[in-house]
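The values are calculated or read from the model by the stated rules, or taken from the named source; none is laboratory data. The model shown is predicted, which means the values in this text are computed figures rather than measured ones. For neighbour counting, all protein chains shown are included, and Cβ atoms are generated from backbone atoms with ideal geometry for every residue, glycine included.
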Amino acid sequence: MALRLLTAGESHGPGLVAVLEGVPHGLPLTAADIDRDLARRQRGYGRGGRMKIEQDRVRIVGGVRHGRTLGSPIALWIPNRDWENWSRAMAPEPPDDAAQAAADGDWRLEPVTRPRPGHADLAGALKYGARDIRDVLERASARETAARVAAGAVARKLLGLFGIRIQSYVLRIGEVAIPSPVLEYGEDGRPPVDPAALEEATEASPVRCPDPVASERMVEAIRTAGQAGDTLGGVFEILVTGVPVGLGSHASGDRRLEGRLAGALMALNAIKGVEVGLGFAAAALPGSRVHDPIGFRPPRREGTEPAPAAPGPAHPAARAAAARAGADGWRGPAAGFFRYRNGAGGIEGGITNGEPLVLRAAMKPIATLRRPLPSADLLTGEPFAAHHERSDICAVPAAAVVGEAIVALELAAAWIEKFGGDSVDDMLRNYIAYCERLAAWVHRAPAPEASRAAGSPPAGGSQAGAPTPGRDPR
Ligand SMILES: Cc1cc2nc3c(=O)[nH]c(=O)nc-3n(C[C@H](O)[C@H](O)[C@H](O)COP(=O)(O)O)c2cc1C
């Protein structure tokens, strides 16, 4: 069964709906699991007054019983708290009191006719023949992303059972930028950061940037833009650790995982570019500095080596099987093979290679400006300043949280394709069997010393910290 998501609901309507089909039976799930991510989406310096009104909370209205999924479609309802102010302007019923309300001076009932450059306003109104841009802007608004975040939290819960951790952080706001903290591997064959410490630093920042100095400068940049009636975009990075080798496929274009992830991230409002691993930087480098040399570490044999300290799958048997197949928390099970760096961002040939996934997305500045750009009236063509409605100045920190949800949904879809099963127990059995196959492969592999030497990185070919040839970096 494929994973399918449908969302509905307008920005100022009664609420948002998400229906997620394909989640197996038996996944522990409560509203608190979802509310956590909804709250994270609403934080961040630079967001508009709306966030203070909303304080999203989900109601699970289908597909879950006594804290466990039923295998049926999961239906989620997120009420819009602002609805009470919009119940006439956004009423599903025909507005019999509209004329009276307009006479009362309710601006919400006035048709919007001055399209904002950079929003869906003009293209949408012309496409649908709408004489009131509100017919379009209500759904084009990123309020919809709350529904995607709610569904993504379910996907995250499923992946979390298997030790997969998805996090994001902001690398750029306007002109203030930091490099990716995870692409360059150190001498020990790992990025010089711990995912948990990275997450802590990220969540402590008002702009979700793990570098405190850059974080302050980003806040200042947003403040300055806001004072000028302007807006800012930026770049966020998504890091996924604990991913096994083998999700996605090289076999057909529509099964290649980087295409699916990039397509899904590009479908997030205001995202105008996506990179995987080195991304555009790879185009300027020779192959010897781009591709990730392969190393091999002998299998972990139970009883002779301590289990990895980093968290793995929650289920003890799955954790043990993953560890036997080379998982170490940072990397997923990959039969003992590893890379000395991660320019590929964890995907080769459309398939995960066991290294962490690293994706970046570029967000354009918010289109609703307090000092609006010139526009032309939809109905008369007369020149006017564009429409302005309460809006964010910068939403990159929030977009990063939505990006996590989008990646979670896409990865969960690939996970369900690979490990299948109607129930989480079926899936666990399939996962353990796969790990055992990978572990058996490791046991049959050539002697570690020989293959380690074969996997040494090419001389002078490090785009990251150069590992010592033949040395087990862990
Ligand atoms: C989390 C998030 C919050 C956003 N907030 C706003 C906003 O307050 N005002 C606005 O004009 N656009 C906002 N946007 C961007 C618009 O939704 C987006 O620009 C619009 O839908 C047009 O789509 P496009 O930019 O992909 O072409 C936000 C986007 C995201 C991801």
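For this structure, a couple of remarks:
- Yes/no for M1 being in contact with a Gly (Cβ under 8 Å, 6 or more places away or on another chain), at pLDDT below 95 and buried (at least 17 other Cβ atoms within 10 Å of the Cβ): no
- Qualifying residue in the stretch 438-451 (condition: outside any loop (DSSP other than H, G, I, E, B), modelled with pLDDT of 95 or more and hydroxyl-bearing (S, T, Y)): no
- Cross-chain or 6+ apart pairs with Cβ under 9 Å, the stretch 315-333 first and part of a loop (DSSP other than H, G, I, E, B), then surrounded by fewer than 24 Cβ atoms within 10 Å (Cβ to Cβ) and acidic (D, E): A325/E436; W330/D194
- Contacts under 7 angstrom Cβ, first residue in the stretch 365-387 being part of a strand (DSSP E or B), partner of a type in the set (S, T, Y) and buried (at least 19 other Cβ atoms within 10 Å of the Cβ), 6 or more apart: F384/S375; A385/S375
- A single entry from L357, L378 fulfils the requirement of being aliphatic (A, V, I, L, M) and in contact with a strand residue (DSSP E or B) (Cβ under 6 Å, 6 or more places away or on another chain): L357.
- Any chance G273 is within 13 Å of the ligand (Cβ to nearest atom) and surrounded by fewer than 18 Cβ atoms within 10 Å (Cβ to Cβ): yes
- Annotation note: of G71, G48, the sole residue that is in contact with an Asp or Glu (Cβ under 7 Å, 6 or more places away or on another chain), among the small types (G, A, S) and at pLDDT 95 or above is G71.
- Candidates in the stretch 388-400 are the residues that are part of a helix (DSSP H, G or I) and within 8 Å of the ligand (Cβ to nearest atom); of these, the one that is surrounded by the fewest Cβ atoms within 10 Å (Cβ to Cβ) is A398.
A quick yes/no check of all residues on (1) away from the ligand (no atom under 16 Å from the Cβ); (2) of a type in the set (A, V, I, L, M):
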{"site": "G346", "(1), (2)": "yes, no"}
{"site": "L369", "(1), (2)": "no, yes"}
{"site": "A412", "(1), (2)": "yes, yes"}
{"site": "A433", "(1), (2)": "yes, yes"}
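- Single residue of I34, I60 found to be buried (at least 20 other Cβ atoms within 10 Å of the Cβ) and without any contact (Cβ under 8 Å) to a residue 40 or more places away in the chain: I60
- When each of A334, A314, A282, A270 is tested for being in contact with a Leu (Cβ under 9 Å, 6 or more places away or on another chain) and at pLDDT 90 or above, the lone residue that passes is A334.
- Annotation: A376 fulfils all but one of (1) away from the ligand (no atom under 16 Å from the Cβ); (2) closer than 23 Å to L137 by Cβ; (3) under 23 Å from the mean Cα position of the chain (by Cα); the unmet one is (3).
- Test result for L265, within 16 Å of the ligand (Cβ to nearest atom) and either touching a Cys at 6+ places or on another chain (Cβ under 8 Å) or not small (G, A, S) (or both): yes
- Output for the stretch 348-367, where each listed residue is within 16 Å of the ligand (Cβ to nearest atom) and crowded, with 17+ Cβ neighbours inside 10 Å: L359, R360, A361, A362, M363, P365, I366, A367
- Odd one out for W86 among (1) in contact with a strand residue (DSSP E or B) (Cβ under 8 Å, 6 or more places away or on another chain); (2) surrounded by fewer than 20 Cβ atoms within 10 Å (Cβ to Cβ): (1)
- Residue list for the stretch 187-223, restricted to those being modelled with pLDDT of 95 or more and β-branched (V, I, T): T202, V207, V213, V219, I222
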